[in-house]
Each structure stands twice: as C-alpha cells, then as structure tokens.
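Report on the following structure.
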Amino acid sequence: KRALARSMARPLSKTPAKRSPPLTAEEIQARVLYRDGLILVLDKPAGLAVHAGPSRAPNLEECFDALRYGLPRPPALAHRLDADTAGVLVLGRHPKALARLGRVFQARETEKTYWAVVQGAPPADEGVFDQKLLKVNTRGGWSVKVSDKGQTAITRYRVLGRGQTGSGEGMTWLELKPETGRTHQLRVHCAAAGCPIVADRFYGKAIPDTMLHLQSHAIVLPLSKSKPPIRVEATPPRHMLAALQACGFNPAT
C-alpha cells in the first residue's frame, strides 16, 4: 500500500511537446529557388544545420513537411552543407529522384560554385588548392587539418575582386569550385593558403555578431540525357553583401 501511495504521489511524466520548425511554411517555401517533379533547390540560411545532430538543435529537415507540394512524403537531402554555410541546397522529392541524384553526386558530375570573402589573398589570381585533408578527433569534438595521411582534396579558385575592411585590412572575393567533397574542404584549404574565410570560427578568426562569409552560390545538375543540365543560382546572403561590395560586387548586375 505504501508503494502504491508513493507511485500515486509521483507527478505524471509528460510527453515533450513537439517544437515548431525553425522556419514557418511560408518562410521555407519562399526559399525555394527551383522545383520540378524530381527535385527542389533551396536557398539555405546561414547558421541552421541541415539535419539533426547529437545536440538535437533546430534544423532544416524539420521544415520539409511544408515542401511536399502534393506528394505523399516530404523531400529529403541529396547532399549536405555546413550549418554555417548559406546557399544552394538540393533535395530529392521521392526515392527514385534521390537515387538518381545520388548517382550524379557520387560520380562528381555536378558542378558546384561557392563564393567566399577571405582575409588577405591567395598566392595567385587563380589556381588549385590540393592539400590532402584529415579529419581528427579533438577534445571538443573534431576538426580537419592538412596532412599527407589525409584524403585527396581538390579546390579550384579564382579571384573575383579585392577590397579592404573598414580598418584597412585586405580581403578578397573568391570563386571556389570543389572537385572533391571533403568535410570543411573549402574552409581548411583557404586557411592553409593563408587566407582564411572571414568569420571562420574554426580555422580563422571569429568575429562577434558576424557569420561565416561562405555561400554555396550555384550548382549545375545533369539529370537528363535529353534535356540541358539544370543550373540554379542563389543571390548572396545579406550578411556577406557589405564585404562583397567592398570587393567590387554590384548587386544590380
């Protein structure tokens, strides 16, 4: 009886309330850059993870139910972007589409273009970063470093403009085209070349109230043999505009 009384005295456990997605249906739908029967291409906001991690923090996948557009299930990620990176992100709308996208990405038939604003400048106006990269465990989690023991990583770069910060420090607007897809590849390659991406808290210098100046700017997807490749481009995110304009970018063109 005493045991029964104790159990009755305990407060009833509550099922955790389902949280709202980090973006409303209207907000995520406004970020759709391209849509057809196979794929969706989104303009991912910076600072939001694409999927749930160990921390179970808010993530973009929580918004996908608003992107069914009449199909019985939500779309799914065809590839990944870092939480800190903004821009073009491809989703498959159904399993057949995801399988086709998987083959295209695995065969490296896509062409990805990133824009970055970096501190300083690379060694030439255009060239190739080809240092091997190794993912290593650290006390705080993991990081990526240049190592002869690492995996092959290739990034083609081209200078699109140069400028200065308000304090007179040099910065450069780069076009980056990765030919491999290693974790943090662009960030580590730029840092290893002596020109870390602006506000890179891992491999460069964190700047208060400033997000990483890296954007997945455009992608080309050859999904059909009978149709031209699909090309999708995103406008630069708001947090990069001032630095890009200081390097010569003109939003009107």
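Please treat every number below as a calculation from the coordinates, not as lab data. Keep in mind the model is a prediction, meaning the values are calculated, not measured. Virtual Cβ from ideal backbone geometry, glycine too; neighbours counted across all protein chains shown.
Things worth noting here:
- Note on the stretch 112-176: Kirkwood hydrodynamic radius from all Cα pairs is 13.6 Å, rounded to one decimal.
- The order of the peptides 192-198, 24-30 by mean Cβ neighbours within 10 Å, most packed first, is 192-198, 24-30.
- Nearest-ten-degree value, helix 95-106 long axis tilted from longest Cα axis of the chain: 30
- Estimated distance in nm for a label pair at Arg156 and Leu71, the labels positioned 7 Å out from Cα along Cα-to-Cβ: 3.1
- Per-residue HN-Hα couplings for the stretch 231-239 [Karplus 6.51, -1.76, 1.60; θ = phi - 60°; Hz; x = Gly/Pro]: 10, 10, 10, 10, 6, x, x, 4, 6
- At q = 0.07, 0.17 Å⁻¹, base-10 log of I(q)/I(0) for the chain (Debye sum, equal scatterers on each alpha carbon): -0.30, -1.41
- Computed over the chain, the per-residue total of -39500 (n - 2.57) for DSSP H runs of n ≥ 4 gives a 222 nm mean residue ellipticity of -4500 deg cm²/dmol, rounded to 500.
- Cβ-placed point charges (K, R +1; D, E -1), dipole of the stretch 181-253 about Cα centre in debye, nearest 20: 300
- Electrostatic dipole magnitude of the stretch 44-130 [Cβ: Lys, Arg +1; Asp, Glu -1; Cα centre; debye, to 20]: 660
- Mean silhouette area of the stretch 91-205, derived from the convex hull of its C-alpha atoms and averaged over all directions, reads 9.2 nm².
- Residue pairs, from the table Lys18/Lys96; Lys96/Lys227; Lys96/Lys177, whose Cα atoms sit over 23 Å apart: Lys18/Lys96; Lys96/Lys177
- Straight-line cross-link partners of Lys225 among the aspartates and glutamates, defined as a Cα under 13 Å from its Cα and at least 8 positions apart when in the same chain: Glu109.
- Dipole in debye (nearest 20) - the chain, about Cα centre, beta carbon charges: Lys, Arg +1; Asp, Glu -1: 1620
- Net charge of the neighbourhood of Ala107, taken over other residues with C-beta under 15 Å away and scored Lys/Arg +1, Asp/Glu -1, is +2.
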